[in-house]
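Working notes, structure below.
Any read-out appearing in this document is the output of simple, stated calculations on the displayed coordinates, not a laboratory observation. What you are looking at is a predicted structure, and each value in this text was computed from that prediction instead of being measured. Ideal geometry is used to build each Cβ from the backbone, glycine not excepted, and the neighbour counts take in all protein chains shown.
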Amino acid sequence: MRFTKITIISSRKPRDPDINDLLQWFGGSLGLFGIRDKDKSCFRVFIILLKNLKEEGPISSDDIALRAGLTRGTVVHHLNRLMASGIVTGEKGGYQLKVDKLEYLVDLIKDNVDRAFENLKEIGRDLDDKLGL
């Protein structure tokens, strides 16, 4: 079974944020960076993937680890989480964001959420029929 884990966190946008604060808030609102990410390693992986949009092709986990100053194991862990969220794709040559703009990332996640709710609604309707409700 293929799944996409989607988490949306509603929080107040930081006052007078700089670009890093805003990026941290953006990714945190999409559930990409958890409170357990104290050293912001997932955030750093995300930023490298974001910067890599301007280059051609995917980036290897080794290159991400080198640029982020993290172990390859830590990078792979975060890449797996980002792939489970449906925003990163893994290919032979490495990893990359599925979209080339943050605005499109929101659209991609919204489409996934809409599809998940439509599936739930359909199953709910089917269960109602089977239960005679």
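Among the aspartates and glutamates, which have Cα under 13 Å from the Cα of Lys54 when same-chain residues fewer than 8 positions away are ignored?
Asp100
On full extension of the chain, what length is gained from Asn20 through Asp39, given 0.36 nm per residue of separation minus the C-alpha to C-alpha distance?
5.4 nm
For Lys13, list the lysines whose Cα falls under 22 Å from its own Cα; do not include residues on the same chain fewer than 8 positions away.
Straight-line reach from Lys13, under 22 Å: Lys38, Lys40, Lys101, Lys110.
Could you calculate the FRET efficiency of Arg67 with Lys121 from 1/(1 + (r/R0)^6), where r is the beta carbon distance between them and R0 is 25 Å, rounded to 0.05?
Between Arg67 and Lys121 the formula returns 0.05.
List the aspartates and glutamates whose Cα sits under 14 Å from the Cα of Lys130, skipping any in the same chain fewer than 8 residues away.
Output for Lys130: Glu122.
Suppose every K and R has +1 on its Cβ and every D and E has -1 on its Cβ; what is the size of the dipole of the chain about the Cα centre, in Debye to the nearest 20?
My answer is approximately 420 debye.
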